[in-house]
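The structure under discussion appears below in the form of structure tokens.
The values are calculated or read from the model by the stated rules, or taken from the named source; none is laboratory data. Note that the structure is predicted; figures quoted are calculated from it, not measured. Using ideal geometry, Cβ is built from the backbone for each residue, glycine included, and neighbour counts are taken over all protein chains shown.
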Amino acid sequence: MKKTTNVEVENKSRKKKENNNFIKILKKHRKKVLMLLLLCAIIYIIYTVVQLIKNPTDTVYVEMGQIKEEELAIGYIIRDEIILKGENYKNGLEQIKIEGEKVAKGEPIFRYYSNNEENLVRKIQELDAKIDEAMAKENSLIDTKVLEEQIDLKINELYGESDLKVIQNNKEEILTNMSKKSKIAGEQSPAGSYLKKLIDERKEYENKLNSGAKTLESTRSGIVSYRIDGYEEIFTADDFGKYTKDFLDDLKLKTGQIIPMSSEAGKIVDNYFCYIVCVLDSEYAKSAEVGDEVTIKLPSGKETKATIEYKTIEDKEYILTLKIEEGVEELTSYRKISFSIIWWSKTGLRVPNAAIQKEEKNGNQISYVTRTRIGYEDKIIVKVLRTNEKYSIVTNYTSDELSKIGYTIEEIRNMVNIAIYDEILLK
């Protein structure tokens, strides 16, 4: 058995003493140590989050989605619109049909107030009050039909009645009602004559009111608008070639400004179609042709189809006139708008461009992605249908397409297809 030397005993004693001292120091500075550890943990967490933000993941999932090529544009509205305005427009108008309401040809749209209309209306109102007062005070002005019913009732009560007092009272009531009926029919009472005078006077004022007013009717079907900006006869569809860049700029119209309501005139707008003319300089505008169909996004966010009706070139810029047949009512409040042209859109399996790599096959550049599943990786050949700045819509090649590219039957047999929810690697 090995004996413990004095040196070993001293070393053990020294180590035990050092450990005790270290423990004492920790206990003494426990709060400082805990704060230091907490600070280190916070620094580590912050560092980890920053790294995640910079590089959130090395993989993404394939999803169904849509990509599109969208271009912002400024457009001027061209409408088929007819102004309705009468000679006495200074009197102001009263709307019969409200803003945006659809009307047929011949329908009344609005009326101009007559001369001195305010005074005439006031006099008619005063006469109405006098007529109501006169009718309320005169009991003899009861409807003759009611009187007839009361007379018949009292006559029927006389049959079989033996009480002379009751018979006398009924006779007196019958005679009174017959007298009232006679006065009403012949207008013999003073109240009746006074009432007739008031009614005749009211009719006279009413005739003056109606004869002085002017009602304007629609000359065509369409939608009613009271937003008049003075450009109705400038922005017409008779010659799209007149809309040059200088012509449009010189008008100095404000984008998105709402046309104010007029108190002097109205108009009928064709609600089946309108045009938007815009100036563009993109490659898509360059390659666009008359008759092409695009999608436009209106200021409200609504998307609608449009057809290129006219195109001209001016100083490397392209002036396009687009025809739309939906959303016309929405644009009646504007003459100049900001909108978007969607040149194309595609829906399908969407993957980030950063996940697509290339390989060469018989002189062709073939796209592929790398799928990862349970630690294994597979290369999937994909056909790119559409691409924008961030994403691509892809699909699988058919066996015939792969064969024409140059892949062997064995290679084709061993290939896997891309599918929704596949996890793929980013470059």
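For the stretch 357-369, does any single residue satisfy the condition of being in contact (Cβ under 8 Å) with a residue 12 or more places away in the chain, outside any strand (DSSP E or B) and surrounded by fewer than 19 Cβ atoms within 10 Å (Cβ to Cβ)? Within the stretch 357-369 (the criterion being in contact (Cβ under 8 Å) with a residue 12 or more places away in the chain, outside any strand (DSSP E or B) and surrounded by fewer than 19 Cβ atoms within 10 Å (Cβ to Cβ)), the answer is yes, since at least one residue qualifies.
Taking the criterion of being closer than 22 Å to L251 by Cα, among the β-branched types (V, I, T) and either in contact (Cβ under 8 Å) with a residue 60 or more places away in the chain or touching a Gly at 6+ places or on another chain (Cβ under 9 Å) (or both), the residues of the stretch 296-348 that qualify are T312, I319, T321, T332, I337. Of the conditions (1) within 22 Å of the chain's Cα centre (by Cα); (2) of a type in the set (S, T, Y); (3) outside any strand (DSSP E or B), T295 satisfies every one except a single condition; which number is it? Among (1) within 22 Å of the chain's Cα centre (by Cα); (2) of a type in the set (S, T, Y); (3) outside any strand (DSSP E or B), T295 violates only (3). The residue list L216, L248 contains one member that is modelled with pLDDT under 95 and buried (at least 18 other Cβ atoms within 10 Å of the Cβ), which is L216. In the stretch 239-263, the residues that are over 30 Å from I96 (Cβ atoms) form Cβ pairs under 6 Å with partners that are modelled with pLDDT under 95, at six or more places apart or across chains, as follows: K245/E314. Taking the listed residues S287, S300, the one that is under 28 Å from the mean Cα position of the chain (by Cα) and of a type in the set (G, A, S) is S300, with no other qualifying. If you go through the stretch 400-426 and pick out every residue that is part of a helix (DSSP H, G or I) and in contact with a strand residue (DSSP E or B) (Cβ under 9 Å, 6 or more places away or on another chain), you end up with 3.
Residue-wise test of (1) surrounded by 14 or more Cβ atoms within 10 Å (Cβ to Cβ); (2) in a strand (DSSP E or B).
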site: Y272; (1), (2): no, no
site: C278; (1), (2): yes, yes
site: G291; (1), (2): no, no
site: I319; (1), (2): yes, yes
site: E326; (1), (2): yes, no
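Restricting to the stretch 28-71, and then to whatever is part of a loop (DSSP other than H, G, I, E, B) and modelled with pLDDT under 80, can you tell me which residue is farthest from P352 (Cα to Cα)? Among residues in the stretch 28-71 that are part of a loop (DSSP other than H, G, I, E, B) and modelled with pLDDT under 80, the one farthest from P352 (Cα to Cα) is H29. Among the residues of the stretch 213-225, are any charged (D, E, K, R) and farther than 30 Å from N91 by Cβ? Among the residues of the stretch 213-225, not one is charged (D, E, K, R) and farther than 30 Å from N91 by Cβ, which makes the answer no.
Within the stretch 331-388, being under 30 Å from V269 (Cβ atoms) and touching a Ser or Thr at 6+ places or on another chain (Cβ under 6 Å) holds for T332, K336, S338, I342.
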